[in-house]
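What follows is one structure encoded as C-alpha cells, with my remarks underneath.
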Amino acid sequence: MQNNITFFPFVIAFIATALLTPLSLIVIKKFGLFDDPKTHKHPAIIHTKPIPRGGGIPLFLGIVIASFLFLPLNNITIAIFLASLLTLLTGILDDKFDLSPYLRFFINFIAAFIVVESGISVPFITNPFGGILHFNTINIFTPFLGESFGIFFSDFVALIWIIWVMNMLNWSKGVDGQMPGIVAISSIVIGILSLRFPISDPNTLIAAKLSFIIAGSSLGFLIFNFYPAKIFPGYGATAVYLLLSVVSILSGAKLATAILVMGVPMVDGAFTIARRIVTGRSPFWHDNKHLHHLLLRLGLGQRVIALFYWVISAILGLIALTLTSREKVFAIIMILIVVGGALLFLHLALKTNNEKKGI
C-alpha cells in the first residue's frame with residue numbers, strides 16, 4: 001500500500017519527465033522558445049547565451065501522466081489540473097512573448113479561483129496555543145457575499161495562499177537547478193507529513209500521492225536544469241507551483257510545514273515585495289536583488305547557491321517534521337528574523353561597497 005502512494009507515483013513521474021524533457025526540447029526549439037539575453041531585456045538575467053525555456057511543459061506532462069495512473073478522476077483533480085493547465089498555457093505565451101506581469105497575475109488569480117471553487121479551502125489551522133482555529137464556523141452573515149463570513153474566509157485564505165506560493169516560487173528560479181530542488185524537497189516533506197497518520201480522507205490520499213508525483217517530476221527535470229542548464233523552467237512552471245500549493249492544503253492544511261520548508265524563498269519573496277514598495281516601485285516588476293542575486297555578487301557560483309537552497313530547505317523540512325505547532329510558529333519567526341536580517345545586511349553591505357567604488 002505504501003509503495004502505491006510513494007514509490008511508484010514518484011518513479012513514474014521521474015521517468016516520464018526525464019524522457020519528455022529532451023523530446024520537449026525539440027518542439028521548444030522549433031517554436032523559438034528561447035531566453036536570449038540579447039533580446040530579452042530582463043534585469044535578473046545572468047546567462048550569456050540563448051537557453052531554451054518552456055520547461056514547464058515536460059514538468060506538467062510528467063505530473064499528468066503519473067496522476068492519470070494513480071489519482072482518481074473527480075471534481076477536485078479535474079479542477080486543479082484545469083487550473084494548472086491554464087497557468088501552463090499562460091507561461092508558454094509568456095516564454096514566447098513576455099506578457100505583462102499584471103496580466104500574468106490576473107490569470108494566476110483566475111486559476112486559484114477555479115481551485116477554490118472546486119471546494120478546496122483552508123477550513124482550519126492548528127492553534128499554536130492549543131486547539132483548532134476553525135475558519136468555517138464563524139457564522140457571520142454577509143448579505144453582499146450571500147454566505148457566512150466563515151466560509152468566505154476559508155476560501156479567501158486558500159486563494160491568497162495559492163497565489164502567494166505561485167509567485168514566490170516563480171521568483172526562486174534565478175539560478176540553474178534552484179527551483180526544482182526546492183519544489184522536490186518541499187513536496188516530499190508534505191507527502192511524508194501526510195502519511196504520518198492513517199489516511200481516511202480521500203483528499204489526503206490525493207495530496208500524498210500528488211506530493212510524490214510532483215517530487216519525481218521535479219527531480220526528473222533537474223537532470224536537465226542543473227548548472228549548466230540545458231533548459232529553463234520558464235513561467236509555465238507556475239503550473240507545478242499551483243499543484244504544490246494545493247497539496248499543502250489537501251494534506252490537512254499543513255501550511256506551517258510548507259512555510260518552514262520553503263522558508264528562505266518565502267522570506268525573500270516577502271522582503272522583495274516590501275523593498276519594492278518602500279522604494280516606490282511596483283511589486284510586480286522585476287529586479288536583480290533577490291537573495292540568489294546577492295549571493296552571486298558575493299562570488300558564489302550557481303551550483304553552490306542551488307545547493308545552499310536545497311540544504312537549507314532539507315534541514316528546515318526535517319525540523320518541520322519533528323516540531324509541534326507551537327514550536328513551528330517560533331521556528332517561522334526565527335527564520336523571518338535570520339533570513340530577513342541577512343537580506344537587509346547584504347543589501348546595505350553591497351550598497352555601501354558600490355558607493356565606495358562609485359557605482
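The values are calculated or read from the model by the stated rules, or taken from the named source; none is laboratory data. What you see is a predicted model, and the numbers here were worked out from it, not measured in a lab. FYI the Cβ positions are ideal-geometry reconstructions off the backbone, even for glycines, and counts take in every protein chain you see.
May I ask you to list the residues in the stretch 161-183 that are in a helix (DSSP H, G or I) and over 10 Å from the mean Cα position of the chain (by Cα)?
If the condition is that a residue be in a helix (DSSP H, G or I) and over 10 Å from the mean Cα position of the chain (by Cα), then 161, 178, 181 are the ones that fit.
Residue-wise test of (1) more than 14 Å from residue 175 (Cβ to Cβ); (2) small (Gly, Ala, Ser); (3) at pLDDT below 95.
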site: 254; (1), (2), (3): yes, no, yes
site: 293; (1), (2), (3): no, no, yes
site: 298; (1), (2), (3): no, no, yes
site: 309; (1), (2), (3): no, no, no
site: 333; (1), (2), (3): yes, no, yes
site: 354; (1), (2), (3): yes, no, yes
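Residues that are surrounded by fewer than 15 Cβ atoms within 10 Å (Cβ to Cβ), more than 22 Å from residue 299 (Cα to Cα) and β-branched (Val, Ile, Thr) within the stretch 328-348 comprise 333, 337, listed in sequence order. Checked against (1) in contact (Cβ under 8 Å) with a residue 24 or more places away in the chain; (2) among the aliphatic types (A, V, I, L, M); (3) part of a helix (DSSP H, G or I), residue 274 passes all but a single condition, namely (1).
Within the bounds of the stretch 11-23, is there any residue that is surrounded by fewer than 13 Cβ atoms within 10 Å (Cβ to Cβ), touching a residue at least 24 places away in the same chain (Cβ under 8 Å) and of a type in the set (A, V, I, L, M, F, W, C)? Among the residues of the stretch 11-23, at least one is surrounded by fewer than 13 Cβ atoms within 10 Å (Cβ to Cβ), touching a residue at least 24 places away in the same chain (Cβ under 8 Å) and of a type in the set (A, V, I, L, M, F, W, C), which makes the answer yes.
Residues checked against (1) assigned to a helix (DSSP H, G or I); (2) at pLDDT 90 or above:
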residue: 193; (1), (2): yes, no
residue: 204; (1), (2): yes, no
residue: 209; (1), (2): yes, yes
residue: 213; (1), (2): yes, yes
residue: 227; (1), (2): no, yes
residue: 244; (1), (2): yes, yes
residue: 247; (1), (2): yes, yes
residue: 259; (1), (2): yes, yes
residue: 284; (1), (2): no, no
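A single entry from 192, 213, 188 fulfils the requirement of being surrounded by fewer than 22 Cβ atoms within 10 Å (Cβ to Cβ), in contact (Cβ under 8 Å) with a residue 40 or more places away in the chain and of a type outside the set (S, T, N, Q): 192. Among the residues of the stretch 222-241, none qualifies, meaning not one is more than 27 Å from residue 86 (Cα to Cα), more than 14 Å from the chain's Cα centre (by Cα), free of Cβ contacts under 8 Å to residues at least 24 places away in the same chain and surrounded by fewer than 24 Cβ atoms within 10 Å (Cβ to Cβ). Residues that are out of contact with any Leu (no Cβ under 9 Å at 6 or more places or on another chain), over 30 Å from residue 286 (Cβ atoms) and modelled with pLDDT of 95 or more do occur in the stretch 78-95, at least one of them.
For the stretch 60-79, check the following and say yes or no: at least one residue is without any contact (Cβ under 8 Å) to a residue 40 or more places away in the chain, hydroxyl-bearing (Ser, Thr, Tyr) and on the phi < 0 side of the Ramachandran plot. For the stretch 60-79, residues without any contact (Cβ under 8 Å) to a residue 40 or more places away in the chain, hydroxyl-bearing (Ser, Thr, Tyr) and on the phi < 0 side of the Ramachandran plot: absent.
Residues considered: 70, 60. Of these, the only one that is at pLDDT 85 or above, of a type in the set (Phe, Trp, Tyr) and under 21 Å from the mean Cα position of the chain (by Cα) is 60. Note on the stretch 294-327: residues that are over 23 Å from residue 348 (Cα atoms), surrounded by 18 or more Cβ atoms within 10 Å (Cβ to Cβ) and either of a type in the set (S, T, N, Q) or free of Cβ contacts under 8 Å to residues at least 40 places away in the same chain (or both) total 1.
Residues that are β-branched (Val, Ile, Thr) and more than 27 Å from residue 276 (Cβ to Cβ) were ranked within the stretch 311-328; the one that is modelled with the lowest pLDDT is 324.
From the set of residues in the stretch 100-126 that are touching a strand residue (DSSP E or B) at 6+ places or on another chain (Cβ under 8 Å) and surrounded by 19 or more Cβ atoms within 10 Å (Cβ to Cβ), which is nearest to residue 75 (Cα to Cα)? Give the steps one after another, and end with the answer.
Just the residues of the stretch 100-126 that are touching a strand residue (DSSP E or B) at 6+ places or on another chain (Cβ under 8 Å), to begin with: 123-126.
Narrowing further to those that are surrounded by 19 or more Cβ atoms within 10 Å (Cβ to Cβ): 123, 126.
Details: 123: 18, 126: 27 Å.
Checked the stretch 100-126; the qualifying residue nearest to residue 75 (Cα to Cα) is 123.
Kindly establish whether residue 52 is over 23 Å from the mean Cα position of the chain (by Cα) and not in a helix (DSSP H, G or I). Spelling it out, it is not the case that residue 52 is over 23 Å from the mean Cα position of the chain (by Cα) and not in a helix (DSSP H, G or I).
Checked against the criterion of being closer than 21 Å to residue 120 by Cα and of a type in the set (Ser, Thr, Tyr), the candidates 251, 217, 282 yield just one match: 251. Candidates are the residues of the stretch 129-139 that are within 23 Å of residue 162 (Cβ to Cβ) and not in a strand (DSSP E or B); the one that is modelled with the highest pLDDT is 135.
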